[in-house]
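To keep things clear, I will list the structure first and then write my remarks on it.
The values are calculated or read from the model by the stated rules, or taken from the named source; none is laboratory data. Values in this document were obtained by computation on a predicted structure and should not be read as measured data. Cβ coordinates were reconstructed from backbone atoms using ideal geometry, including for glycine residues, and neighbour counts include every protein chain displayed. Heavy atoms of the whole protein, side chains included, go into the accessibility calculation; ligands, DNA and RNA do not. Shrake-Rupley method; radii C 1.70, N 1.55, O 1.52, S 1.80 Å.
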Amino acid sequence: MSPADALSQPALWPLSAIVFLPAIVAAVVALPVIPRAREELIRWITLATTAVVFLLSLWMAWPTLFGAPGPAQFTIGEAGMQLVVSKPWIPAFNIEYLLGVDGISMPLVVLTTFLSLLACAASWPITKHVKAYHVLFLLLETGMLGVFVSLDFFLFYVFWEVMLLPMYFLIGIWGGPRREYAAIKFFLYTLLGSVLMLLAILMLYFTSDLRMLSPEQLESAHVVSPAVEAAARADAVAAIKTAAEPIHTFNLLALAELGQLPNSPFAAAQVWGVSLEVLAFLLLLIGFVIKVPVVPVHTWLPDAHVEAPTPISMILAGVLLKLGGYGIIRICYPVCPGGGLTLAWLVCGLGVVSMVYGAFAALAQTDFKRMVAYSSVSHMGYVMLGLGVWSAVAGNEFRWDAWGQGVNGAMFQMLAHGFSSAGMFFMVGVLYDRVHHRNLNEFGGIFNRMPVYAALAVAIFFAGLGLPGLCGFIGEVLVTLSAWNYSRTLAAISAFTVILTAGYILWAIQRVYLGAEYKGPHGEALTPITRRELAIATPLVFLAILFGVAPQLLFNYVSPSVNRQVETLAEWTRQVRPDFPASPAIETVDAGVTRALAGE
Amino acid sequence: MDLGSLVSGTINDTVRVSLPLFRVELVIAVSVVLVLLARMLPVLRWLDSGLVALGGACFATWYGWADLQTVQQTVPQAGGFREELFGGLLVFDSLTATIRLLLAAFLALYIVFTKVSGIPDREDGADFYVLVLGATLGMCLMASANHLLMVFMAVEMASVPSYALAGFLKGRKAASEAALKYAVYGAGAAGIMLYGISLLAGVLGTCHLPSMAAEMGRIVGEGKASGEIMVLSLGGLMLAVGLAFKLSAVPFHFWCPDVFEGAAAEIGAFLSVASKAAAVALAVRLVFGLGTVADGAAAGAVAAGLADVRHFMVYVVGLMAVATCTLGNLAAYGQTNMKRLLAYSTVAHAGYLMMGVAAAGALAGVDAAGAQRAVAALAFYLGTYLFMNLAAFAIVAVLRNRLRSEEIASYAGLVRTNPGIVVATTVVLVSLIGLPPLAGFVAKFLIFSSLVKAIASTAESPLMLVILIVGGINTVISLFYYLRVLKVMTFDSLPEDRVAEPAGAFSLAGGLVAALAVPVVLFGILWSGLYGFAQLAGSFAS
């Protein structure tokens, strides 16, 4: 590659390194050069890799952390896509190696690298086939990070699928007693969703036509790189505009621009009498909600979470579930806004149903880990509701600010749940490592035996509960507030779900940590928390408190991008549905968020 | 025209035009003679017949490559490169050149594979390689047939050596039974096909595909003689039987699992890759040859008639594809023998390929660029399938040599003793499922994209949508049985009576498996180059 490329695309190497470093190290570790018996060496290599990747992503996301910000670092507060990397990959299909981050994906990237680091540290007790485990773990990390930074739908899909196989083996080989069943169930559910997604991708691709976009849109979508000279840009635009045949694209930004055109090709195309934007929205939504997961496609989750080893449960709950939410916010709504508008009731309904069902199911569990798994279903329901009210049409008034509030809340909930659920699974794992059972009714008195651990665990569980001052609260309250404008019933239900959440979490705390003494099996093994475990738990608890007290730290990243997307779509709604009585509130999205935060 | 000028014209045409473009087949034919000579003449006894065959195959590959270069340089000109050979019996165009190169390259790789895996031994080598070379010659002809008589000859020429190959493991009851079953089935299918050809020839008065298409378009377009149309459709269906047998399409697939189980894994590899590639190429030839005429000639009633002909063919192929794919995948689910599982997997993949043929047929005459892309998708599929299935059968052969078993259950816990092979198996089987970033995904992606294209712009849109959905569901179904093999290899524990083999740092067999598995990964990530060749294959459909 030429030096000019490095200048115009400063993020090429840093961003590629974040994604591919784990895979490269995995390939090296897999070679026979490193003998299988050197388990400690393999563990340290993996830990070092995840640490380097974490530091790289932190360096990128927090420009002033290591001195003056450079060109390859993220600009906080900028709404648009940043650090875009664009290289041709398969010219015959206009497939590009197109990466980039914005306020929505950057925090998720850091969350992923952070949780991977912690999960790697939590993998020390794994003693079976250490080499294979760490190779698969690193491949998994590449897949997850790739999904968050890809802006090309084909590339996105490739990374989306790359995660499946490592996860299948990680659950299937290192899991609990029913691991084979859980592993194949996970694989099957996700593959079903991905096949539907692939169909939607192909339909969108063949309907898309870059010639419909204006030169400005082509540039903002990075179809034509804004970094090159004006003359070259004009040539590239002219080449697209004057093409005889439609030019199809996998570029997610360009697809979004096309989907939001007043004469969107996706709205015009029909398949079996249904417009493509509704059909594609539905197909993509099914693919993504399987990952989220929502009722009724959630049944893989309790099995996979319970059977997976602790670090993999942390990754599953902390990152993999977020991929679904990320897909919805990044792809479903911008590319098929019409589908989102038509099916708003579906998304919101699914969210509320999972919220309530997950909470009730969690109440009924006697397995500690299964309870935490169902709490994830319930918490991710808030994310769905928050994303759904995005296209809210409130009876006689169309509130733009409610959209922004809901999506900001959903994004915050995703990040907060990433910390709290990974923490909860780790806490369960710490106990399981010692007493080798997870029966809630056989615990009790852990506070006396392991006071430091119990204090940290209770803090994390309170964060999951959504106690004010901890990270779980902000997202839930924003989502519930915004839902009020969409449907008072749904808002009331989601508010009452908090009581159920409090019920199962407090009851679990009471049964596990409180009580006079531990009477269950292997009581002698209840040794105090080790330094390694402390090093994993403390950052999670610290961040759960930090983001509960100072949510602006995250909103500084998230809000500009979310608000811009919401505003664009609000504008789009006004164009396609002028009959909606709209409140002139477009400019108050920021104010709405601030008001909601101030009112907490 | 007097006889003298006719003879000299024919000689001129044969020597100047046909033979130079026929050199790949000629090289293979010469190799057959050399292999036989090497055994007969005591002077040449020291020559290993495998090496002679390999030399021939490499030579053929080189010529195939050179021919493809010629085509590549001429394609940009209007109409592409098209030359009828031997008075219209064969046709040389970009599809011929690509498929022939594919077959020749496969042949070379295949001979290396058989040398490494040890079947055949030196004693039987001459017989084996003569049969393989002869069958490949027939397959090359299948890919370039332009005349129904040639279609029949080529199919038979490819089939008859295959029957003998199926029974190659002498003294094994299963192999003899498989060979007999294959031969009886094949003879039946050939008879039906010949009957169909004679029906078509009787009505149309010619067997030359382009002339047939024009005549058929006229008859169907005028729509007066409904009796003739009846006979034509019957003839077409009978012709399809012969083709379906070669493709192992449902309901003519019954020979496939038995032959694959009874014959050695090496023979399964040959039948599943080369035979499939040739049959798909022939299917494309027939669909395009009978469904389209050269540009400009089709107008009015003829064009409408040809559209009807294509419609008929697309429905036949499409429905057969749906049945083949679904049944192959469902039947594979219950298999306990690895070769039988791969046989049903081959059936299922024939189904995916026929989906692509159906899409290409639907797009032909409607959207030329789309049809070219559909054929390119098929060529890409065949190119990647070569590596995937050859690797899969190589793994079966290597494991057979180590474990003396081809049962899936005997692979239990293999990851403890042979991690390298298990990684290769994972790559190959996951690629057969069609998951990125492996070549099988790209192939499936291309087939599905030609289906989506056909949904958008053809009259067969509902059928294409059904095919697409069935294809998607089948991908999910196929997950089960491929993963089951991996599950046995990795999750299950090692049987206690298995002695851990001394882990050799590098073995020839391991190197071969790796060499076949690496392209599966490579073409999944960097597939632009291979797709370029595939596009070249598609460019014949102008």
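Among the residues that make up the range A:231-244, is at least one of them free of Cβ contacts under 8 Å to residues at least 40 places away in the same chain, within 14 Å of chain B (Cβ to nearest Cβ) and over 30 Å from A:Pro166 (Cβ atoms)? Yes, the conditions are met somewhere in the range A:231-244.
Considering only the range A:208-219, I want to know if a residue exists there that is within 14 Å of another protein chain (Cβ to nearest Cβ) and out of contact with any strand residue (DSSP E or B) (no Cβ under 6 Å at 6 or more places or on another chain). If you could, list the steps in order and put the result at the bottom.
Step one: of the range A:208-219, the residues within 14 Å of another protein chain (Cβ to nearest Cβ) are A:208-209.
Then drop every residue that is not out of contact with any strand residue (DSSP E or B) (no Cβ under 6 Å at 6 or more places or on another chain), which leaves A:208-209.
The answer is yes, given that some residue of the range A:208-219 is within 14 Å of another protein chain (Cβ to nearest Cβ) and out of contact with any strand residue (DSSP E or B) (no Cβ under 6 Å at 6 or more places or on another chain).
If a residue has to be within 8 Å of another protein chain (Cβ to nearest Cβ) and not aromatic (Phe, Trp, Tyr) to count, how many in the range A:157-181 make the cut? Of the residues in that region, 9 qualify. Scanning the range B:308-322 for residues that are open to solvent by 40 Å² or more (accessible area, probe 1.4 Å) and of a type in the set (A, V, I, L, M) gives a single hit, B:Leu319.
Determine, yes or no, whether B:Val518 is more than 9 Å from every other protein chain (Cβ to nearest Cβ), assigned to a helix (DSSP H, G or I) and touching a residue at least 40 places away in the same chain (Cβ under 8 Å). Here the answer is no, as B:Val518 does not meet what is asked. Look at (1) closer than 14 Å to B:Ala362 by Cβ; (2) part of a helix (DSSP H, G or I) and you find that B:Ala459 fails only one, number (2).
Criterion applied to B:Pro419, B:Pro436 was being within 11 Å of chain A (Cβ to nearest Cβ) and in contact with an Asp or Glu (Cβ under 6 Å, 6 or more places away or on another chain), and the one residue passing it is B:Pro436.
Taken across the range B:347-363, residues that are within 14 Å of chain A (Cβ to nearest Cβ), more than 17 Å from B:Ile455 (Cα to Cα) and assigned to a helix (DSSP H, G or I) do not occur at all. Taking the range B:223-270 as the range and being at pLDDT 90 or above and polar (S, T, N, Q) as the test, the residues that pass are B:Ser233, B:Ser248. Scan A:Phe496, A:Phe461, A:Phe542 and give me the residue that is buried (at least 22 other Cβ atoms within 10 Å of the Cβ) and out of contact with any strand residue (DSSP E or B) (no Cβ under 6 Å at 6 or more places or on another chain). On inspection, the qualifying residue turns out to be A:Phe461.
For the range B:158-211, a residue qualifies if it is farther than 30 Å from B:Met230 by Cα and aliphatic (A, V, I, L, M), and the qualifying residues are B:Ala158, B:Val160, B:Ala164, B:Leu165, B:Ala166, B:Leu169, B:Ala174, B:Ala175, B:Ala178, B:Ala179, B:Leu180, B:Ala183. The residue of the range A:293-315 that is nearest to the chain's Cα centre (by Cα), among those that are touching a residue at least 24 places away in the same chain (Cβ under 8 Å) and not in a helix (DSSP H, G or I), is A:Pro293.
Looking for whichever is under 15 Å from B:Val241 (Cβ atoms) and in a helix (DSSP H, G or I) here; the options are B:Leu199, B:Leu180, B:Leu165. Which one fits? Even if it seems obvious, please write down each step before you answer.
Working: B:Leu180 fails: under 15 Å from B:Val241 (Cβ atoms); B:Leu165 fails: under 15 Å from B:Val241 (Cβ atoms).
Of B:Leu199, B:Leu180, B:Leu165, the one residue that is under 15 Å from B:Val241 (Cβ atoms) and in a helix (DSSP H, G or I) is B:Leu199.
Among the residues of the range B:448-475, those that are open to solvent by less than 20 Å² (accessible area, probe 1.4 Å), over 15 Å from B:Asn329 (Cβ atoms), more than 9 Å from chain A (Cβ to nearest Cβ) and aliphatic (A, V, I, L, M) comprise B:Ala454, B:Leu463, B:Met464. Does B:Val220 fit the bill of being open to solvent by 40 Å² or more (accessible area, probe 1.4 Å) and part of a helix (DSSP H, G or I)? No; evaluated as a whole, the condition is false for this residue.
Here's the yes/no breakdown for (1) at pLDDT 90 or above; (2) within 19 Å of B:Leu21 (Cβ to Cβ); (3) among the small types (Gly, Ala, Ser):
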{"residue": "B:Thr61", "(1), (2), (3)": "yes, yes, no"}
{"residue": "B:Gly80", "(1), (2), (3)": "no, yes, yes"}
{"residue": "B:Ala97", "(1), (2), (3)": "yes, yes, yes"}
{"residue": "B:Ala104", "(1), (2), (3)": "yes, yes, yes"}
{"residue": "B:Ala135", "(1), (2), (3)": "yes, no, yes"}
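Would you check if there is a residue in the range A:285-292 being assigned to a helix (DSSP H, G or I), farther than 28 Å from A:Gly351 by Cβ and either out of contact with any Lys or Arg (no Cβ under 6 Å at 6 or more places or on another chain) or open to solvent by 30 Å² or more (accessible area, probe 1.4 Å) (or both)? No: the range A:285-292 contains no residue that is assigned to a helix (DSSP H, G or I), farther than 28 Å from A:Gly351 by Cβ and either out of contact with any Lys or Arg (no Cβ under 6 Å at 6 or more places or on another chain) or open to solvent by 30 Å² or more (accessible area, probe 1.4 Å) (or both). Return the residue satisfying two criteria in turn: it lies in the range A:182-192 and is over 20 Å from the mean Cα position of the chain (by Cα) and away from chain B (no Cβ under 11 Å), and of such residues it is surrounded by the most Cβ atoms within 10 Å (Cβ to Cβ). If we take residues in the range A:182-192 being over 20 Å from the mean Cα position of the chain (by Cα) and away from chain B (no Cβ under 11 Å), then A:Ala182 is surrounded by the most Cβ atoms within 10 Å (Cβ to Cβ). Counting only residues that are farther than 17 Å from B:Ala263 by Cα and hydroxyl-bearing (Ser, Thr, Tyr), which one in the range B:87-142 is surrounded by the fewest Cβ atoms within 10 Å (Cβ to Cβ)? Ranking the candidates gives B:Ser94 first.
Exactly one residue out of A:Pro309, A:Pro265 is of a type outside the set (D, E, K, R), at pLDDT below 95 and over 27 Å from A:Leu569 (Cα atoms): that is A:Pro309.
Regarding the range A:103-117, can at least one residue be identified that is in contact (Cβ under 8 Å) with a residue 40 or more places away in the chain, within 10 Å of chain B (Cβ to nearest Cβ) and out of contact with any Pro (no Cβ under 9 Å at 6 or more places or on another chain)?
The initial filter retains those residues of the range A:103-117 that are in contact (Cβ under 8 Å) with a residue 40 or more places away in the chain, namely A:103-117.
Adding the requirement that they be within 10 Å of chain B (Cβ to nearest Cβ) leaves none.
No - not one qualifying residue is present in the range A:103-117.
The one condition from (1) touching a strand residue (DSSP E or B) at 6+ places or on another chain (Cβ under 7 Å); (2) surrounded by fewer than 23 Cβ atoms within 10 Å (Cβ to Cβ) that A:Val101 does not meet is (2). Answer yes or no as to whether A:Glu245 is on the phi < 0 side of the Ramachandran plot, of a type outside the set (Val, Ile, Thr), open to solvent by 10 Å² or more (accessible area, probe 1.4 Å) and in a helix (DSSP H, G or I). No, not satisfied. Checked against the criteria, B:Glu84 counts as more than 17 Å from the chain's Cα centre (by Cα), over 30 Å from B:Ala514 (Cβ atoms), charged (D, E, K, R) and open to solvent by 10 Å² or more (accessible area, probe 1.4 Å).
Scanning the range A:259-284 for residues that are in a loop (DSSP other than H, G, I, E, B) and either away from chain B (no Cβ under 14 Å) or under 18 Å from A:Gln217 (Cβ atoms) (or both) returns A:Gln260, A:Leu261, A:Pro262, A:Asn263, A:Ser264.
Considering the conditions (1) within 14 Å of chain B (Cβ to nearest Cβ); (2) outside any loop (DSSP other than H, G, I, E, B), A:Phe54 is excluded by exactly one of them, (1).
Quick check on A:Leu279: is it in contact with a strand residue (DSSP E or B) (Cβ under 6 Å, 6 or more places away or on another chain) and farther than 30 Å from B:Val422 by Cα? So A:Leu279 fits the description; yes. Residues in the range A:57-95 that are in a loop (DSSP other than H, G, I, E, B) and not hydrophobic (A, V, I, L, M, F, W, C): A:Pro63, A:Thr64, A:Gly67, A:Pro69, A:Gly70, A:Pro71, A:Gln73, A:Thr75, A:Gly77, A:Glu78, A:Gly80, A:Asn94.
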